[in-house]
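Each remark here refers to the structure printed beneath this line.
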Amino acid sequence: MATDYLERGAVAGVAGGLVYGLFVATVGNAFTAGLETFEHSHGGGGPVVSELTTTVASIGGGVLWGLLFGIAAFGLAYFFLEPAIPGSGATKRLALAGAGFLTVSGAPWLVLPPQPPGVEQALGTETRLAWYAGLMALGALVAVLAGLAYQRTEHHHTAVRLGATALPLALLAVPVALAPANPVHGDVPAALVAAYRWTVVFGQLVLWATIAGVHAWLGGSDVPATDDLDYPATAD
Amino acid sequence: MQDDTDTARATDSVYDRIERARASLTGPQIAIAVALVAALGFTLLFVQDPMLHDSLHNFRHSAGITCH
């Protein structure tokens, strides 16, 4: 029963990962390579692996990234949280995908937006990792609070309900206000940095949406299943 | 019909899911799932071995994770 969930999550993750791997192959690799021409010197004296290795490994990394989200979010988290996630069918999956995006990328990027190669950040790696981890935790908290707010306002008007659900998002303004300044310097033109950032954002959104879509298409489990239990489930 | 759905929903909660996982999963199964997630995340993001780190460079930038 629970293994069905893991299996469906992994399959959806691989499907999303393949789409995302294609994105890395067609857009990510070339975009990153192009931006590297703005880079004066690569920290450790240049990459130690060939261009081809980087290309292939990065595509593979994209596939595994999808598998990771598939197993963690749609295999493990979905099994436990399914009764609590708003909506049904594809909406339910998209709600979880949105929560996943917010946790892994959305919240952290408010303070630490994606930086193209060739841009140096003032904050040290350790500090940024700590902030990233903290913002992931906050993103998860906001997602949970939004879910709770949605459940608690069950008998209210739709507009009230949506407003209450969106309210926890305001919490995200706190770290944005408190975060230490992280001035960056590099020769990448601002417009190109913006294009790169939005490419990254859409890439992650496509990944999550694909996993959610495939997971919904794989179906199953809107009706609480009661197999694999030793005791009879119908106790009435 | 409406009642049926409501009853079904009332008997299915996050708590029930945890109970169900306890009843139907063994410790090693859970350990494998958690280890798999941890291993994937660690390999993709934190391994500092230059070979692996550099070869995943484009991926990390495409995913919006920067480390330098």
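Details
- Any hit, the range A:202-222, residues being loosely packed, with under 11 Cβ neighbours inside 10 Å, of a type outside the set (A, V, I, L, M, F, W, C) and not in a helix (DSSP H, G or I): yes
- Filtered residues of the range B:5-44 (kept if more than 16 Å from A:Glu82 (Cβ to Cβ), at the interface with another protein chain (Cβ under 10 Å from one of its Cβ atoms) and at pLDDT below 80): B:Thr7
- Identity of the residue in the range A:34-54, modelled with pLDDT of 85 or more and facing another protein chain (nearest Cβ under 7 Å), that ends up surrounded by the most Cβ atoms within 10 Å (Cβ to Cβ): A:Thr54
- Selection from the range A:77-108 of residues that are aromatic (Phe, Trp, Tyr) and either surrounded by fewer than 20 Cβ atoms within 10 Å (Cβ to Cβ) or modelled with pLDDT of 95 or more (or both): A:Phe80, A:Phe101
- Qualifying helices (runs of 4 or more DSSP H) (wholly inside the range A:65-134; at least 3 residues being of a type outside the set (A, V, I, L, M, F, W, C) and away from chain B (no Cβ under 13 Å)): A:89-101
- Filter result for A:Gly16 (at pLDDT 95 or above and in a helix (DSSP H, G or I)): yes
The values are calculated or read from the model by the stated rules, or taken from the named source; none is laboratory data. Because the structure is a prediction, the values reported are computed rather than measured. Don't worry about glycine lacking a Cβ; one is built from the backbone with ideal geometry, like all the others, and counts go over all protein chains shown.
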